[in-house]
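Chemist: Mind looking over this structure? Questions follow.
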Amino acid sequence: MSLLAANSPAERAEALILLTTRLTGLIEQETALFEARRPLDTQAFQDEKSKLATIYRREIAAVKQQPDRLEGAPEALKSQLKEETVRFTAALEANGRAVEALRVLTEGIVRAVADEAGRLQDQDTGYGPGTRRPATPSIAVNQRA
């Protein structure tokens with residue numbers, strides 16, 4: 001189980017602050033790229049984000065099970081950790097909204113493409129009333145040229 005390496009509650013709080021700050025920064029960067037409609041640019045840091053998120057989740061679970069892991073840390077560090085946690089939570093919420101907006105946009109594009117493909121496929125071809133042009137246009141050849 002990957003947890004933060006720390007010899008004291010103060011070291012653990014400092015490490016958790018650094019971890020939370022870095023993870024928040026990556027999530028904010030990802031959100032900005034999502035909002036700029038550049039989701040593929042996030043691939044460069046997904047591995048790091050995933051690893052940090054796993055360590056964060058495990059460390060928070062361990063602190064919940066054993067609150068003494070941070071007991072005795074200076075109040076200033078605890079306060080800073082709380083502030084970083086609030087910032088992290090806000091970044092996660094903004095990221096969720098951006099992901100949802102991208103999902104809606106992507107589904108709309110996919111639906112429009114599928115509708116257009118279906119419309120083109122359903123077109124009647126031939127001659128006479130009620131028929132439409134074939135999907136592939138006719139070519140006229142000028143024999144004098």
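Chemist: Consider Gln80 carefully, then state whether it is modelled with pLDDT of 95 or more and not charged (D, E, K, R).
Modeler: yes
Chemist: Determine the pairs where a residue that is free of Cβ contacts under 8 Å to residues at least 12 places away in the same chain and surrounded by 10 or more Cβ atoms within 10 Å (Cβ to Cβ), located within the range 29-47, has a partner that is in a helix (DSSP H, G or I) and hydroxyl-bearing (Ser, Thr, Tyr) with Cβ atoms under 8 Å apart, the partner being 6 or more residues away or on another chain.
Modeler: Pairs found: Leu33/Thr42.
Chemist: Within the range 104-145, which residues are open to solvent by 100 Å² or more (accessible area, probe 1.4 Å), of a type in the set (S, T, N, Q) and at pLDDT 65 or above?
Modeler: Result: Gln121, single match.
Chemist: Take the range 85-103 and flag every residue that is free of Cβ contacts under 8 Å to residues at least 24 places away in the same chain, open to solvent by less than 80 Å² (accessible area, probe 1.4 Å) and aliphatic (A, V, I, L, M).
Modeler: Answer for the range 85-103, where residues must be free of Cβ contacts under 8 Å to residues at least 24 places away in the same chain, open to solvent by less than 80 Å² (accessible area, probe 1.4 Å) and aliphatic (A, V, I, L, M): just Ala90.
The values are calculated or read from the model by the stated rules, or taken from the named source; none is laboratory data. Quick caveat, the model's predicted, so the values are computed rather than measured. Using ideal geometry, Cβ is built from the backbone for each residue, glycine included, and neighbour counts are taken over all protein chains shown. For the accessible areas, the whole protein counts, side chains as well, though only heavy atoms, and no ligand, DNA or RNA atoms are used. Shrake-Rupley method; radii C 1.70, N 1.55, O 1.52, S 1.80 Å.
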